[in-house]
1. Val160 - would you say it is at pLDDT 95 or above, touching a strand residue (DSSP E or B) at 6+ places or on another chain (Cβ under 6 Å) and either assigned to a strand (DSSP E or B) or more than 15 Å from Val16 (Cβ to Cβ) (or both)?
2. Within the bounds of the stretch 87-102, is there any residue that is modelled with pLDDT under 90 and either hydrophobic (A, V, I, L, M, F, W, C) or under 17 Å from Ala161 (Cβ atoms) (or both)?
3. Is it the case that the stretch 145-152 has a residue that's open to solvent by less than 20 Å² (accessible area, probe 1.4 Å), in contact with a strand residue (DSSP E or B) (Cβ under 9 Å, 6 or more places away or on another chain) and either outside any loop (DSSP other than H, G, I, E, B) or at pLDDT below 95 (or both)?
4. Just need a number here: residues in the stretch 166-190 that are surrounded by 16 or more Cβ atoms within 10 Å (Cβ to Cβ) and of a type in the set (Asp, Glu).
5. So Arg132 passes all but one of these: (1) crowded, with 16+ Cβ neighbours inside 10 Å; (2) of a type outside the set (Ser, Thr, Tyr); (3) in a loop (DSSP other than H, G, I, E, B). Which condition number does it fail?
6. Tally time: how many residues in the stretch 218-239 are open to solvent by 10 Å² or more (accessible area, probe 1.4 Å) and on the phi < 0 side of the Ramachandran plot?
7. Restrict the check to the stretch 191-207 and report whether at least one residue is over 15 Å from the mean Cα position of the chain (by Cα), part of a strand (DSSP E or B), modelled with pLDDT of 90 or more and surrounded by fewer than 16 Cβ atoms within 10 Å (Cβ to Cβ).
Amino acid sequence: MRVSSRQDIPAARRIVVKVGSSSISGENAHQIKTLVEALAEAHGRGTEVVLVSSGAMATGFPYINLTSRPTDLPTLQAAAAVGQSRLMVRYQELLDHSNIVAGQVLLTSGDFENDSTRSNAALAMEKLLELRVLPIVNENDTVATQEIRFGDNDHLAALVAKLVNADVLVLLSDVDGIYTKPPTEPGAERIELVPFGHLLDHVEFGSIGSAGVGSGGAGTKAAAAQFAAESGTAVLITNAALVASALRGDNVGTWFDAASE
(Lines give C-alpha, C1' and ligand atoms only; values in the text may rest on other atoms or scores of the structure.)
Protein backbone atom coordinates (compact mmCIF):
# COMPACT_ATOMS: atom_id res chain seq x y z
CA MET A 1 0.00 0.00 0.00
CA ARG A 2 1.06 3.62 -0.38
CA VAL A 3 2.01 5.13 2.97
CA SER A 4 1.33 8.85 2.69
CA SER A 5 1.36 9.88 6.36
CA ARG A 6 2.42 8.72 9.82
CA GLN A 7 -1.10 7.48 10.45
CA ASP A 8 -0.71 4.92 7.65
CA ILE A 9 2.29 3.20 9.25
CA PRO A 10 0.28 0.55 11.20
CA ALA A 11 -1.30 -0.60 7.92
CA ALA A 12 2.00 -0.76 6.02
CA ARG A 13 2.82 -4.06 4.37
CA ARG A 14 6.58 -3.78 4.78
CA ILE A 15 8.69 -1.58 7.07
CA VAL A 16 12.45 -1.10 7.41
CA VAL A 17 13.63 0.22 10.77
CA LYS A 18 17.20 1.46 11.31
CA VAL A 19 18.77 1.96 14.73
CA GLY A 20 22.14 3.57 15.39
CA SER A 21 24.95 2.53 17.72
CA SER A 22 24.39 5.37 20.18
CA SER A 23 20.76 4.29 20.66
CA ILE A 24 21.52 0.72 21.74
CA SER A 25 24.93 0.84 23.40
CA GLY A 26 26.47 2.31 26.52
CA GLU A 27 23.93 4.06 28.73
CA ASN A 28 21.25 3.37 26.11
CA ALA A 29 21.77 -0.40 25.97
CA HIS A 30 18.40 -0.87 27.70
CA GLN A 31 16.67 0.53 24.62
CA ILE A 32 17.27 -2.72 22.74
CA LYS A 33 14.36 -4.19 24.70
CA THR A 34 12.12 -1.22 23.85
CA LEU A 35 13.06 -1.56 20.19
CA VAL A 36 12.46 -5.29 19.99
CA GLU A 37 9.09 -5.03 21.73
CA ALA A 38 7.96 -2.42 19.21
CA LEU A 39 9.18 -4.53 16.28
CA ALA A 40 7.43 -7.60 17.70
CA GLU A 41 4.18 -5.63 18.04
CA ALA A 42 4.35 -4.58 14.38
CA HIS A 43 5.31 -8.12 13.32
CA GLY A 44 2.38 -9.48 15.33
CA ARG A 45 -0.16 -7.47 13.37
CA GLY A 46 1.16 -8.94 10.13
CA THR A 47 3.64 -6.30 9.04
CA GLU A 48 6.84 -7.54 7.41
CA VAL A 49 9.67 -5.97 9.38
CA VAL A 50 13.35 -5.56 8.50
CA LEU A 51 15.79 -4.16 11.07
CA VAL A 52 19.00 -2.43 10.00
CA SER A 53 21.10 -2.35 13.14
CA SER A 54 24.37 -0.63 13.86
CA GLY A 55 26.13 -1.48 17.09
CA ALA A 56 28.38 -4.44 16.35
CA MET A 57 31.58 -2.45 16.84
CA ALA A 58 30.33 -0.63 19.93
CA THR A 59 29.13 -3.93 21.39
CA GLY A 60 32.55 -5.48 20.80
CA PHE A 61 34.65 -2.67 22.29
CA PRO A 62 34.53 -3.76 25.97
CA TYR A 63 35.26 -7.38 25.06
CA ILE A 64 38.61 -6.34 23.57
CA ASN A 65 39.33 -3.83 26.35
CA LEU A 66 38.55 -0.64 24.44
CA THR A 67 36.99 2.36 26.16
CA SER A 68 36.65 4.53 23.05
CA ARG A 69 36.33 4.14 19.29
CA PRO A 70 39.70 3.27 17.70
CA THR A 71 40.85 4.93 14.48
CA ASP A 72 42.58 2.06 12.66
CA LEU A 73 40.51 -0.22 10.44
CA PRO A 74 41.87 -3.61 11.66
CA THR A 75 40.89 -2.87 15.27
CA LEU A 76 37.46 -1.67 14.18
CA GLN A 77 37.03 -4.88 12.18
CA ALA A 78 38.14 -6.98 15.15
CA ALA A 79 35.61 -5.23 17.37
CA ALA A 80 32.88 -5.86 14.78
CA ALA A 81 33.78 -9.55 14.56
CA VAL A 82 33.45 -9.92 18.32
CA GLY A 83 30.42 -7.70 18.71
CA GLN A 84 28.28 -8.92 15.80
CA SER A 85 27.56 -12.34 17.27
CA ARG A 86 26.91 -10.93 20.74
CA LEU A 87 24.53 -8.33 19.33
CA MET A 88 22.60 -10.99 17.41
CA VAL A 89 22.33 -13.13 20.54
CA ARG A 90 20.80 -10.18 22.41
CA TYR A 91 18.28 -9.59 19.66
CA GLN A 92 17.29 -13.25 19.38
CA GLU A 93 16.93 -13.70 23.13
CA LEU A 94 14.50 -10.77 23.22
CA LEU A 95 12.65 -11.91 20.09
CA ASP A 96 12.22 -15.37 21.63
CA HIS A 97 9.62 -13.86 23.99
CA SER A 98 7.42 -13.23 20.94
CA ASN A 99 8.34 -16.47 19.14
CA ILE A 100 10.03 -14.54 16.33
CA VAL A 101 13.11 -15.88 14.55
CA ALA A 102 15.80 -13.43 13.46
CA GLY A 103 17.99 -13.87 10.40
CA GLN A 104 21.35 -12.14 10.09
CA VAL A 105 22.15 -10.43 6.77
CA LEU A 106 25.60 -8.86 6.34
CA LEU A 107 26.19 -6.65 3.30
CA THR A 108 28.79 -4.37 1.73
CA SER A 109 28.26 -1.60 -0.79
CA GLY A 110 29.65 -3.91 -3.45
CA ASP A 111 26.66 -6.20 -2.96
CA PHE A 112 24.42 -3.40 -4.22
CA GLU A 113 26.67 -2.34 -7.07
CA ASN A 114 26.83 -5.80 -8.64
CA ASP A 115 23.62 -6.91 -10.39
CA SER A 116 24.05 -10.57 -9.46
CA THR A 117 24.75 -10.11 -5.77
CA ARG A 118 22.06 -7.42 -5.47
CA SER A 119 19.52 -9.77 -7.02
CA ASN A 120 20.61 -12.62 -4.74
CA ALA A 121 20.31 -10.36 -1.69
CA ALA A 122 16.82 -9.31 -2.75
CA LEU A 123 15.72 -12.92 -3.25
CA ALA A 124 17.13 -13.96 0.12
CA MET A 125 15.36 -11.09 1.88
CA GLU A 126 12.08 -11.93 0.15
CA LYS A 127 12.33 -15.55 1.26
CA LEU A 128 13.13 -14.57 4.85
CA LEU A 129 10.09 -12.29 4.96
CA GLU A 130 7.91 -14.94 3.33
CA LEU A 131 8.99 -17.31 6.11
CA ARG A 132 8.05 -14.63 8.70
CA VAL A 133 11.67 -14.33 9.77
CA LEU A 134 12.79 -10.87 10.93
CA PRO A 135 15.95 -9.99 8.96
CA ILE A 136 18.58 -8.03 10.90
CA VAL A 137 20.90 -6.26 8.48
CA ASN A 138 24.29 -4.72 9.18
CA GLU A 139 27.30 -3.73 7.14
CA ASN A 140 29.79 -6.58 6.88
CA ASP A 141 32.35 -4.57 8.85
CA THR A 142 34.83 -7.42 9.27
CA VAL A 143 35.61 -7.56 5.54
CA ALA A 144 34.60 -4.08 4.32
CA THR A 145 37.50 -1.78 3.46
CA GLN A 146 37.40 2.00 3.50
CA GLU A 147 36.86 1.94 -0.28
CA ILE A 148 33.74 -0.24 -0.12
CA ARG A 149 32.19 1.01 3.11
CA PHE A 150 28.78 2.65 3.17
CA GLY A 151 30.13 5.22 5.61
CA ASP A 152 27.02 5.02 7.76
CA ASN A 153 24.09 2.66 8.16
CA ASP A 154 21.53 5.36 7.33
CA HIS A 155 22.52 5.05 3.68
CA LEU A 156 22.55 1.26 4.01
CA ALA A 157 19.01 1.39 5.42
CA ALA A 158 17.84 3.50 2.47
CA LEU A 159 19.38 0.99 0.06
CA VAL A 160 17.72 -1.90 1.88
CA ALA A 161 14.37 -0.08 1.79
CA LYS A 162 14.75 0.24 -1.97
CA LEU A 163 15.95 -3.36 -2.31
CA VAL A 164 12.87 -4.80 -0.57
CA ASN A 165 10.44 -2.17 -1.89
CA ALA A 166 9.47 -1.06 1.62
CA ASP A 167 6.43 1.11 2.22
CA VAL A 168 8.14 3.12 4.94
CA LEU A 169 11.61 3.56 6.41
CA VAL A 170 11.96 4.55 10.07
CA LEU A 171 15.35 6.01 10.99
CA LEU A 172 15.89 6.00 14.75
CA SER A 173 18.26 8.41 16.43
CA ASP A 174 19.06 10.00 19.79
CA VAL A 175 17.13 13.10 18.63
CA ASP A 176 13.38 13.21 17.96
CA GLY A 177 13.61 14.43 14.38
CA ILE A 178 15.30 16.92 12.07
CA TYR A 179 15.66 20.43 13.47
CA THR A 180 16.25 23.75 11.76
CA LYS A 181 19.58 23.88 13.62
CA PRO A 182 21.25 21.63 16.23
CA PRO A 183 18.50 21.09 18.84
CA THR A 184 20.72 22.25 21.69
CA GLU A 185 20.94 25.72 20.14
CA PRO A 186 18.43 28.48 20.96
CA GLY A 187 15.63 28.83 18.44
CA ALA A 188 15.94 25.31 17.04
CA GLU A 189 12.59 23.99 15.83
CA ARG A 190 11.63 20.44 14.87
CA ILE A 191 10.56 20.06 11.26
CA GLU A 192 7.28 18.13 11.15
CA LEU A 193 7.04 17.53 7.40
CA VAL A 194 9.44 17.55 4.46
CA PRO A 195 7.48 17.60 1.19
CA PHE A 196 8.99 15.52 -1.59
CA GLY A 197 11.71 17.41 -3.40
CA HIS A 198 12.37 19.89 -0.59
CA LEU A 199 16.14 20.45 -0.37
CA LEU A 200 16.35 21.40 3.33
CA ASP A 201 18.79 24.13 2.31
CA HIS A 202 17.67 26.22 5.30
CA VAL A 203 18.72 23.56 7.81
CA GLU A 204 21.97 23.84 9.78
CA PHE A 205 23.19 20.31 10.51
CA GLY A 206 25.41 19.53 13.48
CA SER A 207 27.96 16.79 14.08
CA ILE A 208 27.43 13.15 15.07
CA GLY A 209 25.75 12.27 18.35
CA SER A 210 27.37 12.99 21.67
CA ALA A 211 27.96 9.31 22.41
CA GLY A 212 30.76 9.26 19.84
CA VAL A 213 30.29 5.60 18.86
CA GLY A 214 28.28 6.12 15.67
CA SER A 215 29.28 7.46 12.26
CA GLY A 216 26.14 9.32 11.24
CA GLY A 217 24.33 12.48 12.29
CA ALA A 218 21.27 14.47 11.28
CA GLY A 219 22.80 15.32 7.92
CA THR A 220 23.35 11.67 6.95
CA LYS A 221 19.83 10.79 8.06
CA ALA A 222 18.33 13.60 6.00
CA ALA A 223 20.35 12.52 2.95
CA ALA A 224 19.30 8.89 3.41
CA ALA A 225 15.67 9.96 3.85
CA GLN A 226 15.73 11.94 0.62
CA PHE A 227 17.31 9.01 -1.25
CA ALA A 228 14.62 6.64 0.03
CA ALA A 229 11.86 9.14 -0.74
CA GLU A 230 13.11 9.43 -4.33
CA SER A 231 12.88 5.62 -4.55
CA GLY A 232 9.22 5.71 -3.46
CA THR A 233 9.59 4.93 0.24
CA ALA A 234 8.23 7.39 2.82
CA VAL A 235 10.53 8.07 5.76
CA LEU A 236 10.13 8.94 9.43
CA ILE A 237 13.09 10.14 11.53
CA THR A 238 12.55 10.05 15.29
CA ASN A 239 14.07 9.19 18.66
CA ALA A 240 14.75 5.51 19.35
CA ALA A 241 12.85 5.83 22.64
CA LEU A 242 9.72 6.69 20.60
CA VAL A 243 9.88 3.67 18.29
CA ALA A 244 6.66 2.14 19.63
CA SER A 245 4.76 5.40 19.09
CA ALA A 246 6.28 5.74 15.62
CA LEU A 247 5.18 2.26 14.53
CA ARG A 248 1.69 2.91 15.92
CA GLY A 249 1.34 5.97 13.70
CA ASP A 250 1.57 8.65 16.38
CA ASN A 251 2.56 12.22 15.54
CA VAL A 252 6.28 12.01 16.28
CA GLY A 253 9.47 12.84 14.42
CA THR A 254 10.06 14.34 10.99
CA TRP A 255 8.12 12.89 8.06
CA PHE A 256 9.50 12.80 4.51
CA ASP A 257 6.93 12.40 1.75
CA ALA A 258 7.81 9.85 -0.93
CA ALA A 259 7.77 10.45 -4.66
CA SER A 260 4.39 9.96 -6.27
CA GLU A 261 3.91 6.80 -8.25
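The values are calculated or read from the model by the stated rules, or taken from the named source; none is laboratory data. Since the structure is predicted, the reported quantities are computational estimates derived from the model, not experimental observations. Glycine also receives a Cβ, built like all others from the backbone with ideal geometry; neighbour counts cover every protein chain displayed. Keep in mind that these areas ignore ligands, DNA and RNA; they rest on the heavy atoms of the full protein, side chains included. Shrake-Rupley method; radii C 1.70, N 1.55, O 1.52, S 1.80 Å.
1. No.
2. no
3. No: zero hits.
4. Within the stretch 166-190, residues that are surrounded by 16 or more Cβ atoms within 10 Å (Cβ to Cβ) and of a type in the set (Asp, Glu) number 3.
5. (1)
6. The qualifying residues number 10.
7. yes
One line per residue, one yes/no per condition, for (1) under 16 Å from the mean Cα position of the chain (by Cα); (2) among the aliphatic types (A, V, I, L, M):
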residue: His30; (1), (2): no, no
residue: Glu48; (1), (2): yes, no
residue: Val52; (1), (2): yes, yes
residue: Pro62; (1), (2): no, no
